[in-house]
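Below is one structure, written out as structure tokens; comments come after it.
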Ligand code: SF4
């Protein structure tokens, strides 16, 4: 394998079209310095000059885990945006350094499950060529900042969150004070009214809001999180001006770095600190730190905000009509296309355009898994139909955000030819699922086969559609990578005397009215799960009123009716 | 004797670090030395300290807060901040606060589990001296200060963030 070169000159890397951040010489320099640094660290490790324990946080901060089967490399996809060029590079890496697969995670990242340790510096250099990296995708540091996958194209947006995500990305990258936090730290920013970024269950959740004077700024929550002790974040700053974003974040981080617990890794997240300190006292500490740095040099400038915004301007939209005749006739003549349209296509802020979500949840395929050929194909489709860009979602799907309505049918036919036209978006079979026992060393139980067995049980599309919005999340252990706490139905793998069992919870949601699921009762064996889901769905269908979603019915009638039916003939 | 890097050069270390368990009798046993003492020692043995012929500096452990000695810091030529384990990041915050909140101008020395791959971060937070763990190769360590050409954040070394310099 050749050692790839690093491109220093930003002018070589300009995208033909697109609305992404593009690196200048500073960004390139930092990335190439990082690759060189990690190459040196890896060499010293392989030479026996760095111990396992010393190499561990260094490799984690470069996205490298050592898993059950092989190392796993997690690559950051800042705010979920990928260009066609980047997709092709990922495809190349999947082909040449992995087994022809990549995996989309639940945090808008991409993972490779089979790289060789020796080759990781080369992979990082290939990524750097296309302005990508694996920096801080694991370890006890500030992770990749995420946002709504419809940022910038959603009709209900207050402001595009991506420029602020980019500002936070730069601030958090190699932040010297916060490289060794008590525990991992996740930030999400949401600028849309309908929150799809699960903002409230992040260590810091940021909402773009308007105050009474009509000024746009941020409402900042802290202390949300999933994992062992799921918590909804609490408000620390009701409103901060845009220029104060970084100093406010820095103040929260400083209190956490100093006071977060380090004696017990299960109590080390900021949610525990906020709870043990009390919200008021925590807020006071943050304000005390903030006074010191507020209005100091870290205060953002209008110029910097404008500079970052300029990367996310609208692409060259044409002036088009909504609902063109080609679309109407395709919808009336092709029922399959019509189902896909209804489920996977969403309204766009610009007339004549739509947002398309490509479901990566075909039955029999591990949720989030994608082949090198599919990556290449998505790159091609993005170029043809969506200004050369895609977005990766928290639900492990891929979005083509700017598709002309008069090209939807054409696009659908192409997706169909590559088995990418599943029309199950947001339906019961659009399952969120962590890698689980098949890949992950920490797992108590498998999760991918569970997802598949449920998908097989609900193979009839008419039935799925009649069930409507129902989110199932599956995690293979308490670490909750599959976010089971916020699934309408959550499934958690547990270990009972060496056997794999599954605990089911109901009523979770990561939407605006975020809530955490309640455990329904004793855990089930693997082969019972599809039947349990079927019973839960039957209760819902029996009790629902017109237009009520699963979660609404649950909120109205509570857990008991579900419990009764599920455990009725348990023995 | 562990190696000391100070202001980018390998230097002789003429300070002696006192462990937390040490009592004041050490002072009468070895006259004329320069000691870096733990906070408790400083608080408890003021009388013995004032009679002693050598110099004193202070070291803080990672759970101790520099703001608790805000009044006294400027009287010390050196303050050492301990890394009980390299993955314990609290002393980074202490160093920044010492420089940025308290305006401390003296030497800030990293002690404890001080390794090559953290030196760059430490220096950006205001450390200017590094007592390396015994197994570290000082020459290899010197290269660490060149790991990156530039950074996004403003810090002690470069107060302006990149967006004000771009
Ligand atoms: S939830 Fe557990 S099993 Fe699943 S990926 Fe995370 S750590 Fe692994």
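What number of residues in the stretch A:462-474 are in a helix (DSSP H, G or I) and either within 16 Å of the ligand (Cβ to nearest atom) or without any contact (Cβ under 8 Å) to a residue 24 or more places away in the chain (or both)? Give the steps one after another, and end with the answer.
As a first pass, look at the stretch A:462-474 and keep what is in a helix (DSSP H, G or I): A:462-467.
Narrowing further to those that are either within 16 Å of the ligand (Cβ to nearest atom) or without any contact (Cβ under 8 Å) to a residue 24 or more places away in the chain (or both): A:462-463.
Here the count works out to 2.
Identify all residues within the stretch A:292-305 that are closer than 12 Å to residue A:254 by Cβ and surrounded by fewer than 21 Cβ atoms within 10 Å (Cβ to Cβ); write none if there are none.
Scanning the stretch A:292-305 gives a single hit, A:292.
For the stretch A:155-180, how many residues are surrounded by 22 or more Cβ atoms within 10 Å (Cβ to Cβ), in contact with a strand residue (DSSP E or B) (Cβ under 7 Å, 6 or more places away or on another chain) and more than 9 Å from every other protein chain (Cβ to nearest Cβ)?
5
Name the residues in the stretch B:82-122 that are touching a strand residue (DSSP E or B) at 6+ places or on another chain (Cβ under 9 Å) and more than 11 Å from chain A (Cβ to nearest Cβ), would you?
B:82, B:98, B:99, B:104, B:106, B:107, B:108, B:109, B:110, B:111, B:112, B:114
Confirm whether residue A:459 is in a loop (DSSP other than H, G, I, E, B) and either within 27 Å of residue A:512 (Cα to Cα) or more than 12 Å from the ligand (Cβ to nearest atom) (or both).
Values: in a loop (DSSP other than H, G, I, E, B): yes; either within 27 Å of residue A:512 (Cα to Cα) or more than 12 Å from the ligand (Cβ to nearest atom) (or both): yes.
The answer is yes for residue A:459.
Of these, A:420, A:408, which one is crowded, with 22+ Cβ neighbours inside 10 Å and away from the ligand (no atom under 16 Å from the Cβ)?
Being crowded, with 22+ Cβ neighbours inside 10 Å and away from the ligand (no atom under 16 Å from the Cβ) holds for just one of A:420, A:408, which is A:408.
For the structure I just gave you, tell me whether residue A:477 is at pLDDT 90 or above and either away from the ligand (no atom under 16 Å from the Cβ) or not in a helix (DSSP H, G or I) (or both).
On the way: at pLDDT 90 or above: yes; either away from the ligand (no atom under 16 Å from the Cβ) or not in a helix (DSSP H, G or I) (or both): yes.
Answer is yes for this residue.
Any residue in the stretch A:438-452 that is surrounded by fewer than 15 Cβ atoms within 10 Å (Cβ to Cβ), assigned to a loop (DSSP other than H, G, I, E, B) and either away from the ligand (no atom under 16 Å from the Cβ) or more than 20 Å from the chain's Cα centre (by Cα) (or both)?
First pass over the stretch A:438-452, keeping only residues surrounded by fewer than 15 Cβ atoms within 10 Å (Cβ to Cβ): A:441.
Then keep just the ones that are assigned to a loop (DSSP other than H, G, I, E, B); that gives A:441.
If we keep only those that are either away from the ligand (no atom under 16 Å from the Cβ) or more than 20 Å from the chain's Cα centre (by Cα) (or both) as well, we get A:441.
Scanning the stretch A:438-452 turns up at least one residue that is surrounded by fewer than 15 Cβ atoms within 10 Å (Cβ to Cβ), assigned to a loop (DSSP other than H, G, I, E, B) and either away from the ligand (no atom under 16 Å from the Cβ) or more than 20 Å from the chain's Cα centre (by Cα) (or both).
Within the stretch A:33-54, count every residue that is assigned to a helix (DSSP H, G or I), facing another protein chain (nearest Cβ under 9 Å) and surrounded by 15 or more Cβ atoms within 10 Å (Cβ to Cβ). Quick ask: steps written out before the conclusion?
Step one: of the stretch A:33-54, the residues assigned to a helix (DSSP H, G or I) are A:33-46, A:52-54.
Now restrict to residues that are facing another protein chain (nearest Cβ under 9 Å): A:33-34, A:36-37, A:40-41, A:44, A:53-54.
Narrowing further to those that are surrounded by 15 or more Cβ atoms within 10 Å (Cβ to Cβ): A:33-34, A:36-37, A:40-41, A:44, A:54.
The qualifying residues number 8.
Suppose the filter is in a loop (DSSP other than H, G, I, E, B) and more than 18 Å from residue A:254 (Cβ to Cβ); does residue A:309 pass it?
Values: in a loop (DSSP other than H, G, I, E, B): no; more than 18 Å from residue A:254 (Cβ to Cβ): yes.
Criteria not met by residue A:309.
Does the stretch B:6-45 hold any residues that are in a helix (DSSP H, G or I), more than 22 Å from residue B:68 (Cα to Cα) and either in contact with a strand residue (DSSP E or B) (Cβ under 9 Å, 6 or more places away or on another chain) or in contact (Cβ under 8 Å) with a residue 40 or more places away in the chain (or both), and which are they? Even if it seems obvious, please write down each step before you answer.
Taking the stretch B:6-45 first, the residues in a helix (DSSP H, G or I) are B:25-29, B:39-44.
Applying the additional criterion that residues be more than 22 Å from residue B:68 (Cα to Cα) yields B:25-29.
Matches in the stretch B:6-45: B:26, B:27.
All but one of (1) more than 7 Å from chain A (Cβ to nearest Cβ); (2) farther than 19 Å from residue A:179 by Cβ; (3) without any contact (Cβ under 8 Å) to a residue 40 or more places away in the chain hold for residue B:163, so report the exception by its number.
(1)
Take the conditions in contact (Cβ under 8 Å) with a residue 60 or more places away in the chain, buried (at least 24 other Cβ atoms within 10 Å of the Cβ), under 23 Å from residue A:269 (Cβ atoms) and in contact with a strand residue (DSSP E or B) (Cβ under 7 Å, 6 or more places away or on another chain) and apply them to residue A:486. Does it pass? Walk me through how you get there before you give the answer.
Values: in contact (Cβ under 8 Å) with a residue 60 or more places away in the chain: yes; buried (at least 24 other Cβ atoms within 10 Å of the Cβ): yes; under 23 Å from residue A:269 (Cβ atoms): yes; in contact with a strand residue (DSSP E or B) (Cβ under 7 Å, 6 or more places away or on another chain): yes.
So residue A:486 passes the test.
The values are calculated or read from the model by the stated rules, or taken from the named source; none is laboratory data. Note that the structure is a prediction, hence the values are computed from the model and not measured. Because the Cβ atoms are built from the backbone with ideal geometry, glycine has one as well, and the counts that use them run over all protein chains shown.
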